[in-house]
Amino acid sequence: LLLSAAVSWSLYICRYGRILAQIDETNGSQLTPLSLTTWKSILLAALYLIWGVADVAGDFMHQHADNENVSLSGVLSHAWGGYGDWHQWLAIFYSAVGVALAHLIQGIGQKRVASAESNVLLSSEPIWTYLFAFVLLHESLHGVQGYVGGALIIAATLLSSGALEIPTPASAKKVYASDEE
């Protein structure tokens with residue numbers, strides 16, 4: 001399941017990069033990173049709404065089957081206890097705006113970077129998460145696995161960006177040929 005999620009993520013990044021590469025804003029194209037982010041957000045909101053309605057309907061039917069006193073507030077508080085708390089609604093709004101803004105910035109950046117490179121850069125999220133946790137929460141890595149995983153992600157990022165080059169047989173021949181001259 002985890003491998004299929006990684007494959008799905010990579011396919012999404014490559015396809016999104018291909019769509020973004022076709023955008024030509026100079027000829028008045030209607031498709032922009034902002035419009036893609038808007039439509040993606042609308043689609044996700046609709047899917048989450050369907051999921052939420054199905055969850056509430058399931059709770060409603062469960063309470064009705066048990067002959068409980070069924071009310072909308074009772075069903076909503078059972079499905080999500082914080083529906084009446086404005087702090088939690090503010091957190092949801094902040095999350096929605098933050099995610100939409102992150103997707104917009106991703107689209108703008110991915111339009112300028114190759115899909116393979118952007119995939120590796122976006123996959124470095126665990127490193128940034130750790131760095132923020134280290135700085136803000138004074139967290140630390142435990143065990144060799146965390147350090148090895150971080151090193152692999154950093155190495156993959158450097159390799160994909162061209163900052164780190166591993167000699168191949170063809171490039172090794174060029175190096176040796178230039179030494180002989």
Q) Which of the residues that make up the stretch 100-130 are loosely packed, with under 14 Cβ neighbours inside 10 Å and either among the polar types (S, T, N, Q) or without any contact (Cβ under 8 Å) to a residue 12 or more places away in the chain (or both)? A) Leu101, Ala102, Ile105, Arg112, Glu125, Trp128, Thr129
Q: Mind listing just one residue for me: the one in the stretch 31-44 that is closer than 15 Å to Leu101 by Cβ and among the aliphatic types (A, V, I, L, M) and, of those, surrounded by the most Cβ atoms within 10 Å (Cβ to Cβ)?
A: Leu36
Q: Among residues belonging to the stretch 131-181 that are outside any helix (DSSP H, G or I), open to solvent by 100 Å² or more (accessible area, probe 1.4 Å) and on the phi < 0 side of the Ramachandran plot, point out the one that is modelled with the highest pLDDT.
A: His142
Q. With Trp128, Trp86 as the choices, which residue is aromatic (Phe, Trp, Tyr), within 30 Å of Asp55 (Cα to Cα) and out of contact with any helix residue (DSSP H, G or I) (no Cβ under 7 Å at 6 or more places or on another chain)?
A. Trp86
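The values are calculated or read from the model by the stated rules, or taken from the named source; none is laboratory data. Nothing here was measured: the structure is a model prediction, and the numbers come from that model. FYI the Cβ positions are ideal-geometry reconstructions off the backbone, even for glycines, and counts take in every protein chain you see. Side chains are part of the model used for accessible areas, which takes the heavy atoms of the whole protein and leaves out ligands, DNA and RNA. Shrake-Rupley method; radii C 1.70, N 1.55, O 1.52, S 1.80 Å.
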